[in-house]
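Step one of this worksheet: look at the structure below.
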Amino acid sequence: MANNTVTEANETAPAKAPAAKKRSPIFFIILGVMIVLGAYFGISGYIHGQSHEETDDAQVEANLSPVISKISGYINEVRVRDNQFVNKGDTLIILDKRDLAMALQQAEAALGTARSNLSSAEASTSATNKNVGTANAAVATANAQIEAAKVNIWRTTEDLKRYENLVKDHSITQQQYEQALAAKQSADKQLEILVAQRNQAAAQTNVVKSQVSASSEQSVIARSSIRQKEVEIENARLNLRVIR
């Protein structure tokens with residue numbers, strides 16, 4: 001019984017853990033070298049990627065800083081290289097100013113033409129205003145002549161009525177009556193001519209007034225054109241100052 005009790009106690013006792021195996025120092029050296037190399041290549045790759053993109057077939061997303069010129073034109077000189085860092089105020093390109101100088105000359109020539117057109121329009125307006133005065137005077141004269149002709153018709157009509165009675169009584173000759181009739185007919189014809197002349201003068205007045213209106217409109221257009229050309233000249237001069 002005693003032997004059995006000892007045996008069971010030995011069987012129920014926990015097994016003793018084996019001793020831990022120590023790692024070699026070489027392992028830690030290799031691990032450190034790998035960490036250092038990984039950090040070196042990682043940092044180098046990051047720095048290289050900031051300024052270089054290499055791909056065979058892919059899409060790359062990047063931040064772009066567009067450079068927009070205030071004026072357009074042909075480039076005469078480029079003062080930066082690819083991937084060069086620039087600062088605010090640096091001159092990047094030099095534009096060819098010959099086209100801008102030509103634009104200034106064209107604007108100045110167009111201004112001269114616009115001023116000439118204005119002078120012509122003003123001269124035409126002045127001339128047509130004089131023509132309006134002449135036409136109005138002609139209409140006034142025709143109206144006065146018409147009034148005189150109406151008085152003459154009234155007088156010849158009264159004479160003809162009296163002569164008709166006198167010729168019936170044989171107080172006057174047939175020749176005298178015919179003269180009175182001719183005077184009445186002549187007065188009627190004269191009035192008809194004067195009315196036609198007055199109407200023609202009035203029509204001419206309307207034509208001249210239309211010419212005055214057209215000349216005035218041309219003057220307004222010419223003044224607007226002058227202002228536009230002056231703005232174009234100022235803009236061309238400003239563009240030239242920008243690239244100088």
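Residues of the range 193-215 that are more than 30 Å from Asn117 (Cβ to Cβ) and surrounded by 12 or more Cβ atoms within 10 Å (Cβ to Cβ): Ile193, Leu194, Val195, Gln197, Arg198, Asn199, Gln200, Ala201, Ala202.
Rundown of residues vs (1) farther than 30 Å from Val139 by Cβ; (2) of a type in the set (A, V, I, L, M); (3) within 39 Å of the chain's Cα centre (by Cα); (4) assigned to a helix (DSSP H, G or I), yes/no style:
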site: Ala187; (1), (2), (3), (4): no, yes, no, yes
site: Leu191; (1), (2), (3), (4): no, yes, no, yes
site: Val208; (1), (2), (3), (4): no, yes, yes, yes
site: Ala222; (1), (2), (3), (4): yes, yes, yes, yes
site: Arg227; (1), (2), (3), (4): yes, no, yes, yes
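Taken residue by residue, the range 167-176 has at least one member that is buried (at least 16 other Cβ atoms within 10 Å of the Cβ) and either in a loop (DSSP other than H, G, I, E, B) or at pLDDT below 90 (or both).
Quick check on Glu164: is it surrounded by fewer than 17 Cβ atoms within 10 Å (Cβ to Cβ) and either under 30 Å from Glu230 (Cα atoms) or modelled with pLDDT of 90 or more (or both)?
no
For the range 102-141, which residues satisfy the criterion of being more than 17 Å from Ser224 (Cα to Cα), surrounded by 13 or more Cβ atoms within 10 Å (Cβ to Cβ) and not polar (S, T, N, Q)? Matches in the range 102-141: Ala103, Leu104, Ala127, Val132, Ala135, Ala138, Val139.
Yes/no matrix, rows are residues, columns are (1) within 39 Å of the chain's Cα centre (by Cα); (2) modelled with pLDDT of 75 or more:
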| residue | (1), (2) |
| --- | --- |
| Phe41 | no, yes |
| Gly45 | no, no |
| Gly49 | no, no |
| His52 | no, no |
| Asp57 | no, no |
| Ile71 | yes, no |
| Asn76 | yes, yes |
| Leu104 | yes, yes |
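Answer with yes or no whether Ala148 is farther than 30 Å from Ala114 by Cβ and surrounded by 17 or more Cβ atoms within 10 Å (Cβ to Cβ). So Ala148 fails the test.
The values are calculated or read from the model by the stated rules, or taken from the named source; none is laboratory data. Predicted model, so just to flag it, every value in this text is computed and none were measured. As a convention, Cβ positions derive from the backbone with ideal geometry for all residues, glycine included, and neighbour counts pool all protein chains shown.
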